[in-house]
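This report refers to the structure that appears directly beneath it.
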Amino acid sequence: MRVIGIDPGTGILGFGVVDFQAHKNPQVIDVGVVATPAHTKLKERLLDIYNSLNEIIETTHPDVMSIEKLFFARNITTAISVAEARGVVILVAALHNLPVFEYTPLQIKQTLTGYGRADKKQVQQMVKLHLNMQEVVKPDDAADALAAAITHSLMTRAGLTQEKDLQL
């Protein structure tokens, strides 16, 4: 199963594509961020996210998408723009007929570290261990995207996944 994990954001969107096969070590196919310039109009940022993610999916051919669910935000303006970026991500998944699975940050942290309040460094270390990597993945957004992909793989193995219809 090839999973694309997404850490949604308007300024920086993390992505990570990982192959998970039984009895083999996971293989990272691609990992990085889509960064959009800070003082660019929102519609241009969303278009950049759309085009970049579309290209990543066309190049890597994932089977499913695992996306971090917007759970809580202190700044309502930031929450709205992240939600808009999530909408673009889900649209791209729909255009590629990718099933979408979503996990809260708490679920991702708990699945990877066993502790739902783990900090960024703990998550990064567990991503490194799960994927047998030499270095910690940076920036945080890319590591979080890989964490979302790993979470989906582990939840699938445990039989705990259900595709979300993403209705509000």
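Values as computed for the structure displayed
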{"quantity": "Two-decimal ratio, the range 72-168, of alpha-carbon radius of gyration to 2.2 N^0.38 Å", "calculated": "1.14"}
{"quantity": "Distance (nanometres) between label positions extended 7 Å along Cα→Cβ at Lys43 and Gln125", "calculated": "4.7 nm"}
{"quantity": "For peptides 1-12, 144-155, sequence by mean Cβ density within 10 Å, most packed first", "calculated": "144-155, 1-12"}
{"quantity": "Linear extension gain, Asn75 paired with Glu135, 0.36 nm per residue minus alpha-carbon span", "calculated": "18.4 nm"}
{"quantity": "Rounded to 5, percent antiparallel among DSSP beta bridges of the chain", "calculated": "65 percent"}
{"quantity": "Gaussian network model of the chain, springs between alpha carbon atoms under 10 Å - residue of Thr113, Thr36, Thr156 with greatest fluctuation", "calculated": "Thr156"}
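No value in this document is a laboratory result; all are computed from the given coordinates. This one's a predicted model, so the numbers in the text were calculated from it and none came from an experiment. All Cβ positions, even for glycine, are placed from backbone atoms using ideal geometry, and neighbour counts span all protein chains on display.
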